[in-house]
Amino acid sequence: MIALSIAEIAEIVGGRLSDISPEQAARTSVTATVEFDSRKITAGSLFLALPGARADGHDHAAAAVAAGAVAVLAARPVGVPAIVVDPAASDSRSGALEYDDAAGSGAAVLAALAQLAAAVAATLVARGLTIVGVTGSSGKTSTKDLLAAVLAPLGQVVAPPGSFNNELGHPWTVLRADENTDFLVLELSARHRGNIAALAAIAPPRVAVVLNVGTAHLGEFGSREAIAETKAELAQAVPESGVVILNVDDSAVAAMANKTAARVVRISRAAPADVWAGPVALDELARPRFTLHAGAGASEVRLGVSGDHQVSNALCAAAVALECGATPQQVADALAGVGAISQHRMQVSTRADGVTVIDDAYNANPDSMRAALQALAWIARGEDPASPRRSWAVLGEMAELGKDAISEHDRIGRLAVRLDVSRLVVVGVGRSMGAMHHGAVMEGSWGAEATAVPDVDAAHALLRAELRPGDVVLVKASNSAGLTVLADALISDDAGDRR
C-alpha cells in the first residue's frame with residue numbers, strides 16, 4: 001500500500017481516532033500491508049478488526065499492535081490506537097457489498113476498507129497503474145494466474161492469491177499495490193446482482209475480461225439470464241477509453257458487446273475473432289498446444305496448465321497482454337512457463353508409484369465439473385488409447401445450484417459413464433450426491449463401478465486400499481465439501497517424483 005498517515009486514513013474512511021492523539025496520528029503512517037489475520041502483521045501494518053465464525057478480530061487488536069501494527073481499523077474502541085467507524089453508518093457506505101454480521105461491525109469495517117482501497121486505487125491510476133478485472137462463472141482464478149504471468153514481462157504485477165474475489169479479498173488485494181505496481185489484476189465474483197458493480201467501483205478497470213456465463217450460483221440468481229446481467233456489470237464499468245475482452249464462443253458473453261461503451265476485443269477458439277486459436281492438440285497430461293493468432297501475427301503456444309478449457313482462458317490472458325504492449329512471442333513464452341499456481345485448481349501431480357492426481361478440489365459447478373472430467377478421460381487415455389490407464393472420479397457436491405441441484409448432479413454422474421471413467425466415488429450424503437450416484441448407475445451397466453461413501457475419511461480409506469500404480473484420480477467438488485483435504489492426503493500418501 002502507499003504510505004498514508006493514520007490521520008489521512010481516518011479522514012478517508014470517515015472514522016474517529018481512539019487511543020491515539022491527533023498529533024500522533026498525523027505523524028504515524030501505515031507503511032506495510034493491511035491485514036485481517038493478526039498472525040500476518042508486520043511492522044507498519046494496519047489491522048482490520050473483523051468478526052469471524054470462531055473469533056472477533058477486535059479481541060486480537062492488542063496482539064496485532066504488539067506484533068507491529070501501527071493502528072487498527074475497528075467498529076469500537078479496542079484499547080490500542082484505532083480508527084473507529086460507526087456500524088450505524090455502514091449501510092449508506094457499503095453499496096452492494098455484503099457481510100454476514102448481525103451487529104454490523106463487520107459491515108462497517110468492510111465499508112471503510114472499500115473506501116480506503118478506492119482512494120488508493122484512484123491515486124495509483126493517476127500515476128499510471130493499469131487495473132485489469134476478470135469475471136466469469138468458471139475459470140476466473142486460472143485466468144487471473146495466467147494474466148499475472150503474461151503481464152509480468154511488462155512490469156510489476158499485483159494479483160490476488162487463490163480466489164480473493166469478494167467484499168474482503170477484492171479491496172485487500174487493491175491495497176497490495178503501491179507506487180511500483182504497473183498492473184493490478186483483480187478477480188470479481190458475485191452472489192447477487194450489483195456485487196460486481198460494487199467491486200468494480202472500488203477499483204475501476206481499464207481492461208475487463210468476461211470469460212463465460214454458466215450455472216454457478218444458479219440457486220442464488222435464479223436463471224442464467226440473471227447471471228449474464230450480473231457478469232455484464234464488469235463490462236459496463238469500463239470507461240470509453242478502456243478495453244473489454246469478450247469470449248465470443250459464449251453467446252451470452254458475446255452479447256455484452258452491446259452493453260459497454262469501451263472498445264471490444266473478441267477472442268475465440270476459431271476465426272473470425274480478434275484473437276483466436278488454431279487447431280488445439282493436447283499432450284499426455286492434457287496440456288493444450290495451439291497457434292495464437294492476433295492480427296497479422298501468429299505464435300505457437302504450449303500451455304503449462306492442463307485441460308482443454310484452458311485454451312479460452314489463455315486467449316483472454318493473451319488478449320490483455322497484447323493490449324498492454326506485449327508481443328505474441330512474449331505471450332507464448334509466458335504461457336508456456338506457468339503451471340497451476342493457485343492451490344487445488346487443476347494441479348496435476350504424478351506420484352513415484354505412477355498414480356496421477358488431478359487436484360481440482362477448490363471449487364465446482366456443472367461447467368467446470370464437465371471440463372475436469374474431460375481432462376481426466378484424456379489423461380487416462382494416454383498415448384495408447386487401446387491400453388488406457390484406470391481412471392477415478394472422486395466427486396463431491398456442487399453447491400448453490402438451487403432447484404437444479406438434483407438434475408445437475410444426475411447429469412454429472414451420467415457423464416462419468418459416457419466418458420468411460422473406470423470408477424466413480426461419490427463423496428457425501430444428501431439428495432444431490434444420491435442423484436449423482438443414481439445417474440451413473442442408471443446410465444449404463446454400472447454396478448460396483450459407482451461407489452457412494454459418506455465422507456472424506458471413507459473416500460481416503462477406499463482409495464488407499466484400491467489404487468494401483470498408473471491410475472489417474474480426479475478430486476473435485478465445491479470447497480464446502482472439504483475434498484481439498486482428500487487431495488492433499490492422496491498426494492502425501494506417496495510424495496515422490498511429481499511432474
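The values are calculated or read from the model by the stated rules, or taken from the named source; none is laboratory data. The structure presented is a predicted model; accordingly, all values stated were derived computationally and were not measured. Counting neighbours? That spans all protein chains shown, and the Cβs are built from the backbone with ideal geometry, glycine included. For accessibility, only protein heavy atoms count, side chains too; no ligands or nucleic acids. Shrake-Rupley method; radii C 1.70, N 1.55, O 1.52, S 1.80 Å.
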How much accessible area per residue does the chain have, counting only protein heavy atoms and a probe of 1.4 Å, in square angstrom? 39
Note the direction-averaged projected area, equal to a quarter of the hull surface, for the Cα convex hull of segment 1-156, in nm². 10.6
What base-10 log of the normalised intensity I(q)/I(0) is obtained for segment 128-337 from the Debye formula, alpha carbons as equal point scatterers, at q = 0.15 Å⁻¹? -0.88
Between Asp56 and Gln24, what is the spin-label point distance in nm, taking each point 7 Å from the Cα along the Cα→C-beta axis? 2.4
So what is log10(I(q)/I(0)) for segment 347-492 at q = 0.13 1/Å, when the Debye sum runs over its Cα atoms only? -0.48
For segment 4-96, Kirkwood radius (reciprocal of mean inverse C-alpha pair distance, Å): 13.1
Whole-Å distance, taken between Cα centres, linking segment 1-69 and segment 331-383: 40
Sort 417-429, 112-124 by packing, meaning the average of other beta carbons within 10 Å per residue, with the highest value first. 112-124, 417-429
Measure up Lys40/Lys231; Lys40/Lys144; Lys40/Lys476 against 27 Å on the Cα-Cα distance and list the ones that go over. Lys40/Lys231; Lys40/Lys476
If exposed means GluC sites (Glu not before Pro) lying in a DSSP loop and surrounded by at most 14 other beta carbons within 10 Å, then the longest stretch of the chain lacking such sites spans residues 1-178
Name the residue farthest towards the positive end of the dipole of segment 128-337 from the options Ala326, Asn258, Ile131, assuming +1 on Cβ of Lys and Arg, -1 on Cβ of Asp and Glu, about the Cα centre. Asn258
Kirkwood Rh and Cα Rg combined as Rg over Rh, evaluated for segment 215-328: 1.01
With +1 at each Lys and Arg Cβ and -1 at each Asp and Glu Cβ, the charge dipole magnitude of segment 4-96 around its Cα centre, to the nearest 20 debye, comes out at 160
Strictly greater than 18 Å: what percent of every Cα pair in segment 412-487 meets that? 38
Principal axis extents for the chain, Cα atoms only, whole Å, descending order, please. 77, 55, 44
By average C-beta atoms within 10 angstrom, highest first, the peptides 273-282, 148-157: 148-157, 273-282
Out of the DSSP beta bridges found with both residues in the chain, what percent are antiparallel (nearest 5)? 30
If every Lys and Arg gets +1 and every Asp and Glu gets -1 at its Cβ, then about the Cα centre the chain yields a dipole, in debye to the nearest 20, of 560
Loop trypsin sites (Lys or Arg not before Pro), segment 121-204, which have at most 13 other Cβ atoms in a 10 Å radius of their Cβ (DSSP): Arg127
Please report, to one decimal in angstroms, the Kirkwood hydrodynamic radius of segment 126-182 built from all distinct Cα-Cα pairs. 12.0
For the chain, build the charge dipole from Cβ charges (+1 Lys, Arg; -1 Asp, Glu) around the Cα centre, then report which of Val311, Asn365, Ala108 sits farthest towards its positive end. Val311
Of all the accessible heavy-atom surface of the chain, with the other protein chains kept in place and a 1.4 Å probe, what percent is carbon and sulfur? 49
